[in-house]
Amino acid sequence: MTTANSTTRSADASSLSHPTYDVAVIGGGPAGCSAAVFTARADLGTVLFEHNRASLLKSAHLENYLGFPLGIQPTQFLELAREHVREVGCDVHREGVTSLRVLDDDCGQVELEGGKTTTDSETDNHTFVLETKERTVAADRIIVASWARTEFLEPLSVTREPEEPGPVMVIPTDEDGRTDCDGVYAAGRITSTNHQAIVNAGNGADVALTLIRDVRPDYYNDWVVPEGYYDSYDREIPEGVEEISVNERRQRKDRAEAVMADFFEQ
Ligand SMILES: Cc1cc2nc3c(=O)[nH]c(=O)nc-3n(C[C@H](O)[C@H](O)[C@H](O)COP(=O)(O)OP(=O)(O)OC[C@H]3O[C@@H](n4cnc5c(N)ncnc54)[C@H](O)[C@@H]3O)c2cc1C
């Protein structure tokens, strides 16, 4: 795993020049954070936007997330999740996405030189442009994990439908998290998964793996294994897997313990 960063490139042949990512994740709850950790660890340049209205903050104490035997305060859980996202190299912005549009695409508005638009598409390469009040970025793929907000999707033709019986809009996807707009994925509660943090985090990881394999079909698993593990099976190390030495393993263990001790001492 290497640090995932944006590149700055012209968003399409026409004009735009913004920081450009492989993946933009909208929403920093359990689903979005989990998805971002997976895409960044797969070396896809990832940016995450979060406007700090996570539904988990309404919980008094999170007691059913595996690994915290006596539970954890939702604020602490989200701080840890977002620290994880930063640690793997994502850019994280505490800013709500206000608009999302697409260049060179057949699932919404197509922008051409001079600001003209068309619905024709001659290419399968999509570039999405996201705006917040503070910045504009471009991304090749989007993961929407913004329960229960979808208004920024209006310029695209992503299907949204009311979740029975309430007024909240959800996003139908295929079983792997792809929406009906090419390049746009959706994860977490916004796809009508169960209303539990661990389920939504798992779904975020699952959808991220779908996206990663859409980009890199040979991607196997995000695993860290002892050095020589695949030698013993007479196999090449599969894509996504990292082998580490005994020394590296010790260093990672020590660092992980120090960071967690520091976090919970504060
Ligand atoms: C009162 C209450 C108590 C709960 N208690 C528990 C519990 O004890 N245990 C449990 O497992 N689950 C609990 N849940 C459920 C849990 O909070 C959700 O299942 C989980 O948080 C959903 O995860 P998510 O990532 O899909 O969505 P969310 O956690 O809601 O994250 C979505 C994020 O998207 C962001 N966002 C929205 N629009 C934008 C935008 N335009 N730009 C950028 N960011 C945006 C929001 O700020 C939000 O942080 C509780 C929920 C509630 C309401």
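The values are calculated or read from the model by the stated rules, or taken from the named source; none is laboratory data. Because the structure is predicted, anything quoted here is derived from the model rather than measured. All Cβ positions, even for glycine, are placed from backbone atoms using ideal geometry, and neighbour counts span all protein chains on display.
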Worksheet item: Can you tell me which of Gly67, Gly45, Gly71 is surrounded by fewer than 23 Cβ atoms within 10 Å (Cβ to Cβ), within 18 Å of Ala138 (Cα to Cα) and more than 6 Å from the ligand (Cβ to nearest atom)?
Response: Gly45
Response to the item:
Given (1) surrounded by fewer than 18 Cβ atoms within 10 Å (Cβ to Cβ); (2) within 17 Å of Leu156 (Cβ to Cβ); (3) at pLDDT below 85, Ser99 misses just (3)
Discussion item. If Glu95 meets every condition in (1) over 18 Å from Val137 (Cα atoms); (2) touching a residue at least 24 places away in the same chain (Cβ under 8 Å); (3) assigned to a loop (DSSP other than H, G, I, E, B) apart from one, which number is that one?
Written reply: (1)
Practice prompt. Would you point out which residue out of Arg250, Arg213, Arg255 is of a type in the set (D, E, K, R) and within 15 Å of the chain's Cα centre (by Cα)?
Written response: Arg213
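Let me confirm something: among Ala24, Ala13, Ala36, which residue is in the same structural domain as Gly89 (by TED's automatic domain parsing), part of a loop (DSSP other than H, G, I, E, B) and either modelled with pLDDT under 95 or more than 7 Å from the ligand (Cβ to nearest atom) (or both)?
On the way: Ala24 fails: part of a loop (DSSP other than H, G, I, E, B); Ala36 fails: part of a loop (DSSP other than H, G, I, E, B).
Step by step, each of Ala24, Ala13, Ala36 is checked, and only Ala13 is in the same structural domain as Gly89 (by TED's automatic domain parsing), part of a loop (DSSP other than H, G, I, E, B) and either modelled with pLDDT under 95 or more than 7 Å from the ligand (Cβ to nearest atom) (or both).
So is Arg86 within 7 Å of the ligand (Cβ to nearest atom), basic (Lys, Arg) and not in a strand (DSSP E or B) or not?
no
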Discussion item. Would you confirm whether or not region 229-244 contains a residue that is touching a Leu at 6+ places or on another chain (Cβ under 8 Å) and touching a residue at least 12 places away in the same chain (Cβ under 8 Å)?
Written reply: no
